[in-house]
Amino acid sequence: VALSRLGRLYDQVLKIKYKAKEYLMRSMQLAHSMHPRTFNSEGWFKDCAEILERYQKETVAAEEEKWNKEREEIVKGLEKEMKGIEKADEKDSQEFLRYVYRVFPPKNKEHKLEGGLKKKGFHVEHDKLKKILQKAVVHYHPDKVDTEKHGKVWKVLSEEITKRLTRRYERMK
């Protein structure tokens, strides 16, 4: 109880977040260590949880804002590539897939376009194309991108490609 009150004091009165977070985290840790007993209905526990949740949301929002600013700058530098993707996006799914795999091959060498789709003029049936799109989304998904190894530019490109692939996949459902 005392730790949560100290945390609230640092949060609301003194406005020292890092200290408040220390006390609040310690308070939660102690409350959870008394496991069979729960403090969910206690006012101090609720306050503690609310403040920590607010801190977490603020941190996430700040990180997202930072990434969005970085992303905007990267997108400005990728105008040529983005126009190419947009132009290819106007074509049918098979042409779009051929373009993406030809111009922006996945960084993982094992991820390749399905055999039959590589040839122009070859038409793939609906169910198979849907599966190919699903695999392509996995191949280009930004969560799979190692920004340390491949860079933020590739992450942004993969985000844009995945957006378009996902949209196409959703339309096929």
Please determine whether any residue of the range 56-76 is surrounded by 10 or more Cβ atoms within 10 Å (Cβ to Cβ), in a helix (DSSP H, G or I) and small (Gly, Ala, Ser).
yes
Here the residues within the range 50-98 that are among the polar types (S, T, N, Q) and either over 30 Å from Arg168 (Cβ atoms) or free of Cβ contacts under 8 Å to residues at least 12 places away in the same chain (or both) are Gln56, Thr59, Asn68
Could you check the range 160-173 and list, in sequence order, the residues that are part of a helix (DSSP H, G or I) and either touching a Phe, Trp or Tyr at 6+ places or on another chain (Cβ under 6 Å) or surrounded by fewer than 17 Cβ atoms within 10 Å (Cβ to Cβ) (or both)?
Ile161, Thr162, Lys163, Thr166, Arg167, Glu170, Arg171, Met172
Selection within the range 126-173 - acidic (Asp, Glu) and over 19 Å from Ile85 (Cβ atoms)
Asp127, Asp143, Asp146, Glu148
Test Met25 against the stated conditions and say whether it is surrounded by 10 or more Cβ atoms within 10 Å (Cβ to Cβ) and either on the phi > 0 side of the Ramachandran plot or assigned by TED's automatic domain parsing to the domain that holds His139 (or both).
no
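The values are calculated or read from the model by the stated rules, or taken from the named source; none is laboratory data. Keep in mind it's a predicted model, so treat the numbers as computed, not measured. We place every Cβ from the backbone using ideal geometry, glycine too, and count neighbours over all the protein chains shown.
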